[in-house]
Amino acid sequence: MRKFLLSIAIFLVLLVSSAIFIPYLFKDEIVEKIKTEINSQISAQLSFNNDITINILKSFPDLSIALSDVAIHHSDSTFSKDTLVQIKKVSTVLDLRELYQNQNIILKAFSLDKPTFHMEYVNDSLNNWDIFKTEDTTGSSISINLNTITVTNGEFTYIDQPSNMRVG
């Protein structure tokens, strides 16, 4: 009986320690994957602090990822001085089992802390929020199954140049 309890204790220690350390082993790959996937989908440039938080224990059995100092800047000359989005912290919870088994990303929770959105409308064919590429992309799919969306201390600015209107 004593050997059995000792075996279970060792197994639990190994399980908990692997849950803590495995996300850190793949941290660089996760950062690169996030940047590559998002930048391939938008015509603007995503940047964030590479010191991301990856935690499996916080939302077990799911994977919790938090990015800080997130910004989306335009790469074209029209809006090059504008930052479309700036967020102090973005937190997500992903279904780890689905990610591992099927390479499918299921987003369960999404949280924004101190987001600032700057939207600018110039004319019918030119605005700063039209950043998504329209080309057909295959290879990755995202299923959104959100239980929680949280926005804390957000700011929103909208500028309509033809009517000389500013909101925010």
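Among the numbered conditions (1) farther than 30 Å from SER163 by Cα; (2) modelled with pLDDT of 80 or more; (3) more than 14 Å from the chain's Cα centre (by Cα), the only one that THR116 does not meet is (1).
When you look at LYS35, is it part of a helix (DSSP H, G or I), of a type outside the set (A, V, I, L, M, F, W, C) and open to solvent by less than 70 Å² (accessible area, probe 1.4 Å), yes or no? Spell out how you get there, then give the answer.
Working: part of a helix (DSSP H, G or I): yes; of a type outside the set (A, V, I, L, M, F, W, C): yes; open to solvent by less than 70 Å² (accessible area, probe 1.4 Å): yes.
Yes, satisfied.
Selection of region 56-66 for residues being open to solvent by 50 Å² or more (accessible area, probe 1.4 Å) and not basic (Lys, Arg) yields LEU57, PHE60, PRO61. Residues in region 67-111 that are in contact with a His (Cβ under 8 Å, 6 or more places away or on another chain) and in a loop (DSSP other than H, G, I, E, B) were compared, and the one that is surrounded by the fewest Cβ atoms within 10 Å (Cβ to Cβ) is SER80.
Look through ILE8, ILE52, ILE34 and report the one residue that is farther than 30 Å from ILE72 by Cβ and β-branched (Val, Ile, Thr).
Details: ILE52 fails: farther than 30 Å from ILE72 by Cβ; ILE34 fails: farther than 30 Å from ILE72 by Cβ.
The unique qualifying residue is ILE8.
When region 42-61 is limited to residues that are under 13 Å from the mean Cα position of the chain (by Cα) and not in a loop (DSSP other than H, G, I, E, B), the one that is nearest to LEU25 (Cα to Cα) turns out to be ILE54.
The values are calculated or read from the model by the stated rules, or taken from the named source; none is laboratory data. Bear in mind that the values here come from a model prediction, so they are computed numbers and not experimental data. Backbone-built Cβ (ideal geometry, glycine too); neighbour counts: all protein chains shown. Areas reflect the complete protein model, heavy atoms only, side chains present, ligands, DNA and RNA absent. Shrake-Rupley method; radii C 1.70, N 1.55, O 1.52, S 1.80 Å.
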